[in-house]
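This report refers to the structure that appears directly beneath it.
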Amino acid sequence: MQRLVAIRSQESFCRERAVLDSNRRVFWLAQAEEWEQRALDEIAYHFRECNLAHGDLRAVAS
């Protein structure tokens, strides 16, 4: 989960820069969107891993 925190931090940084740097606002917002997608991918990966591990436990218990 530390990785997710770091990714969200980068996303937040980009959004802050978009507010402060009006000349490159579109660039920073695009960067923030990329970081947001990485965060969503990380969350999906985490849940897949948890479901696989949980499925393994069910197989052992049966």
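The values are calculated or read from the model by the stated rules, or taken from the named source; none is laboratory data. Note that the structure is predicted; figures quoted are calculated from it, not measured. Methodologically, a virtual Cβ is constructed for each residue, glycine included, from the backbone with ideal geometry; neighbour enumeration extends over all protein chains shown. Quick note on the areas: whole protein, heavy atoms, side chains included, nothing else; ligands and nucleic acids left out. Shrake-Rupley method; radii C 1.70, N 1.55, O 1.52, S 1.80 Å.
Distance between the 7 Å Cα→Cβ label points at Ser12 and Glu42: 1.2 nm. Take every Cα pair under 8 Å whose residues are at least 6 apart in sequence, average their separation, divide by the length of the chain, and the relative contact order is 32 percent. In a shell of Cβ-Cβ distance under 15 Å around Ala18, excluding Ala18 itself, what net charge do Lys and Arg (+1) and Asp and Glu (-1) give? Its environment carries a net charge of -2. For the chain, the share of accessible area belonging to carbon and sulfur comes to 57 percent (1.4 Å probe, ligands and nucleic acids excluded). As a rough guide to protection, the peptides 28-40, 11-23 ranked by mean Cβ packing within 10 Å, highest first, stand as 28-40, 11-23.
Per residue of the chain, what 222 nm ellipticity follows from adding -39500 (n - 2.57) for every DSSP H run with n ≥ 4, rounded to the nearest 500?
Working: 2 runs with 56 residues, N = 62.
Using -39500 (n - 2.57) per qualifying helix, the result is -32500 deg cm²/dmol.
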